[in-house]
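The values are calculated or read from the model by the stated rules, or taken from the named source; none is laboratory data. Values in this document were obtained by computation on a predicted structure and should not be read as measured data. Cβ sites come from the backbone with ideal geometry, for glycine too, and all protein chains shown count toward neighbours.
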Amino acid sequence: MTHPKQEVAAGVVTKNESVQVRDFRHDINALRALAVLAVVAYHYGMPGVAGGFAGVDVFFVISGFLITSQILEGHLRDDFSFQNFYLSRLRRIFPALAVVCAVILLWGWLHVLPYDYRATARHAVAALFFVSNLAFTGEQGYFDVAAHAKPLLHTWSLSVEGQFYIFLPICFALAWRFARRYVAWLIVGAFVISLAWCLYYGRIDVGDAFYKLSTRSWEFLAGSLLAIARFGKPNATVANTGSFLSLGVLIGSFVFLNPTLTWPGYWTLLPVGAAVALMTMRDAPMTRPLLASWPLQRVGDLSYSLYLWHWPVLVFAKQYVQMLERELSALELVGLFLLSLLMATLSWRFVEQPIRSRRGWWTARRLWSGVVVTLIIFFSVGLAIVATKGVPKRLPEYVQRASSAIFVNTPRDECFRRGDSTKDALEEFCSFGQGAVGKPTLVLWGDSHANQYLSSVSDAAATAGLNGVIATQGGCRSTLPGQPTGLVSDASQGCERFNDEVNRFIAQSTSVRTVIIGRLWSPDASFGRTVELVKQLVSIGKTVILVGPLPDPQFNVPERWSHQQLRSGHAIDFMAVPLTAQSQMLAMRDRLRVELSAQLQSGKVVLIDPFQRLCDVTQCKLVENGISYFRDTSHVSQVGSMLFTVDFLTALKTVKN
């Protein structure tokens, strides 16, 4: 009978068996190379690699296998040390990451606009504390275009990995101490639970699921199961067949998968399973010439540094050519890849290798001290950058004016509900105009494109002697009860609940006479739903002030304005877009006039036309007298909002009479 202390998972691994985790594995190093090349090819837009993002999932499997093997070996020898384990992980990950973050902040100081620089500082601190996946949660999704302007976006995976490194040795030690016979079954259970949660939660909130350790753990645990199982080396026939097939599935995943799939999800099983199978086959004779080849092995050596450098190099290059109002060419992308490879080589040679190999100098005490001091410095610098809103004074005064438009929030911003319907203000609906004097007669209702007019609406209401309540929520266009919102998953549910609440409030409140509706206009099904809502409100005795489509700049106005001024070296006080470029917006405005013609003629609906305020017969003004009327690609700035005060005052007097 085997003694319990010599047994793991019902005999899967015993203390008498050798755990050769320190033997160099060419197949694993090649797998690293294939994974990082897939990620780089995907990010750089290489044709035929639409699923290259799955390379990150392969990294997770490799990490799970190697780390679990290391932990298991330590426990089998009865010399596992938490301090040594965490020190080895910091020695591997932290120094190169800190150098990249430092270079990014230095480059940003010279070239990045304040708003983006503030975000970059926050992301750098989050990356070094291994929580950047949490920082990116709630921002744009990984596959969104806007998210690809963040030079540290790719560090989300390092944070997930770091969090796995924190929890796995603790959980493993507890299992080893109290349930050694069932370690493998506990890992199987954790794998199944995480996979099931991933498949379930990914359908509810794919953006949130993408970044969470809870929905990614199963990928690491797939590698952990392989480490615990300790399969022997298969015979040549099995190894050749398995290695060839798994390599084919892996490369096929990189080629045929695409960002439109729910990720992580069912399809993630393909690259994860292929990586596990390829490592199980080990050094198969058929694939050995490829996997052990010099190019793949060298890229495998550089894989971590190449992953770190390729993304910020691309992001900053895109930001530069954006100033020139063009895109990167194919030749330039090749050059950027070579530059990334050079930076990775320098990082591997002068950062990774010395700290990992010169342990006589980089003792545990010096390494821990260096990590702590680095974290304190980055936290202090990051706090200063955030507190000063990106240190705008480092840039010329005329650029400061341009970038300041981005930072200005609307009054009572605490009343604006987030996508999950939460807000900072405690009251159910905040007031505007004359505030709490009397019952509300007005409701400002809609998404952020309604909330952007709060300043002008509030001033107009106060002048007219009226008061109202704020009913605005991010991304949530106003609809009738039961109508689709056009959003997905939990965001849609939150929007539906919010709109139902506002509908009830308006219908039950006898004091509310006028509803002010604004929205982001688009020629889809939501257009018709807004028209239906307006007609329904009129039918129950309400009057409606409807804000029509804004001119569409088709670019981020303060950003483009700042870049143009930096490029020219002097202030630019005026920017405009031709009226001929506004055909879609003008068509929607004209459609509103037609579909609501009866309500407009009766005076029950007043249509505010932003084109009359911002445009003439030839152009629409974006910047005038050195002041931006927009704060991004589609929202008016605080100054832009105030332009409409007279329009709202006229409309309120019209409906009041």
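The rows are residues; the columns are (1) more than 23 Å from the chain's Cα centre (by Cα); (2) under 21 Å from Gly223 (Cα atoms); (3) of a type in the set (D, E, K, R); (4) at pLDDT 95 or above.
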{"residue": "Ala10", "(1), (2), (3), (4)": "yes, yes, no, no"}
{"residue": "Asn16", "(1), (2), (3), (4)": "yes, no, no, no"}
{"residue": "Val19", "(1), (2), (3), (4)": "yes, yes, no, no"}
{"residue": "Asp23", "(1), (2), (3), (4)": "yes, yes, yes, no"}
{"residue": "Asp27", "(1), (2), (3), (4)": "yes, yes, yes, no"}
{"residue": "Val39", "(1), (2), (3), (4)": "no, yes, no, yes"}
{"residue": "Ala54", "(1), (2), (3), (4)": "no, yes, no, yes"}
{"residue": "Ile62", "(1), (2), (3), (4)": "yes, yes, no, yes"}
{"residue": "Leu76", "(1), (2), (3), (4)": "yes, yes, no, no"}
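Being touching a residue at least 24 places away in the same chain (Cβ under 8 Å) and in a strand (DSSP E or B) holds for only one residue in Gly468, Gly494, and it is Gly468.
Of the residues making up region 201-212, just one is at pLDDT 90 or above and not in a helix (DSSP H, G or I), namely Lys212. Phe130 meets each of the listed conditions (1) under 16 Å from the mean Cα position of the chain (by Cα); (2) part of a helix (DSSP H, G or I) apart from (2).
Of Val399, Val373, all but one fail to be closer than 28 Å to Gly108 by Cα, hydrophobic (A, V, I, L, M, F, W, C) and not assigned by TED's automatic domain parsing to the domain that holds Pro95; the exception is Val399. Within region 20-40, does at least one residue satisfy the condition of being of a type in the set (Lys, Arg), under 26 Å from Ala364 (Cβ atoms) and buried (at least 17 other Cβ atoms within 10 Å of the Cβ)? Within region 20-40 (the criterion being of a type in the set (Lys, Arg), under 26 Å from Ala364 (Cβ atoms) and buried (at least 17 other Cβ atoms within 10 Å of the Cβ)), the answer is no, since none of the residues qualifies.
Within region 97-118, is there a residue that is closer than 28 Å to Ala173 by Cβ and touching a residue at least 24 places away in the same chain (Cβ under 8 Å)? Yes, that holds for at least one residue. Selection of region 133-152 for residues being modelled with pLDDT under 90 and either outside any helix (DSSP H, G or I) or aromatic (Phe, Trp, Tyr) (or both) yields Phe136, Thr137, Gly138, Glu139, Gln140, Gly141, Tyr142, Phe143, Asp144, Val145.
Determine which member of the set Ala190, Ala196 is under 29 Å from Phe82 (Cα atoms), of a type outside the set (Val, Ile, Thr) and without any contact (Cβ under 8 Å) to a residue 60 or more places away in the chain. Going through Ala190, Ala196 in turn, the sole match is Ala190.
Cβ separations smaller than 6 Å between residues 6+ apart or across chains give the following pairs from region 258-283 residues that are on the phi > 0 side of the Ramachandran plot to residues that are assigned to a loop (DSSP other than H, G, I, E, B) and surrounded by fewer than 24 Cβ atoms within 10 Å (Cβ to Cβ): Arg282/Lys233. Filtered by the rule that a residue be more than 19 Å from Ala33 (Cβ to Cβ) and in contact with a Pro (Cβ under 9 Å, 6 or more places away or on another chain), region 329-353 gives a lone residue, Val351. Listed by position, the helices (runs of 4 or more DSSP H) contained in region 341-437 that have at least 3 residues being at pLDDT 90 or above and loosely packed, with under 13 Cβ neighbours inside 10 Å are 364-387.
Within region 522-569, the set of residues being aliphatic (A, V, I, L, M), over 30 Å from Tyr398 (Cα atoms) and surrounded by fewer than 19 Cβ atoms within 10 Å (Cβ to Cβ) comprises Ala525, Val531, Val538, Ile540. Is it the case that region 323-332 has a residue that's more than 22 Å from Asp57 (Cβ to Cβ), of a type in the set (Gly, Ala, Ser), assigned by TED's automatic domain parsing to the domain that holds Leu37 and not in a helix (DSSP H, G or I)? Yes, because at least one residue in region 323-332 is more than 22 Å from Asp57 (Cβ to Cβ), of a type in the set (Gly, Ala, Ser), assigned by TED's automatic domain parsing to the domain that holds Leu37 and not in a helix (DSSP H, G or I). In a residue-by-residue description of region 270-285, the property of being among the charged types (D, E, K, R) and modelled with pLDDT of 95 or more applies to no position.
At pLDDT 95 or above and not assigned by TED's automatic domain parsing to the domain that holds Val112: does that describe Ala571? The answer is no for Ala571. Residues in region 185-199 that are under 24 Å from Val131 (Cβ atoms) and surrounded by fewer than 16 Cβ atoms within 10 Å (Cβ to Cβ): Ile193 alone. Quick check on my filter: what residues within region 147-179 are of a type outside the set (Phe, Trp, Tyr) and in contact with a Lys or Arg (Cβ under 6 Å, 6 or more places away or on another chain)? Matches in region 147-179: Val160 only. The C-beta contact set for region 636-657 (first residue closer than 14 Å to Asn467 by Cα and touching a residue at least 40 places away in the same chain (Cβ under 8 Å), second residue among the basic types (Lys, Arg) and part of a helix (DSSP H, G or I), distance under 7 angstrom, 6+ apart or interchain) is empty. The condition (being touching a residue at least 24 places away in the same chain (Cβ under 8 Å), within 30 Å of Leu199 (Cβ to Cβ), assigned by TED's automatic domain parsing to the domain that holds Ile204 and not β-branched (Val, Ile, Thr)) is satisfied by just one residue among Tyr320, Tyr307: Tyr307.
Scanning region 213-223 for any residue that is assigned to a helix (DSSP H, G or I), closer than 22 Å to Ala127 by Cβ and of a type in the set (Gly, Ala, Ser) turns up at least one such residue.
One line per residue, one yes/no per condition, for (1) on the phi > 0 side of the Ramachandran plot; (2) of a type outside the set (Gly, Ala, Ser):
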site	(1), (2)
Ser478	no, no
Ser492	no, no
Arg497	no, yes
Trp521	no, yes
Phe527	no, yes
Val531	no, yes
Ile545	no, yes
Gln554	yes, yes
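Under the condition of being surrounded by fewer than 21 Cβ atoms within 10 Å (Cβ to Cβ) and part of a strand (DSSP E or B), the residues counted in region 622-657 number 2.
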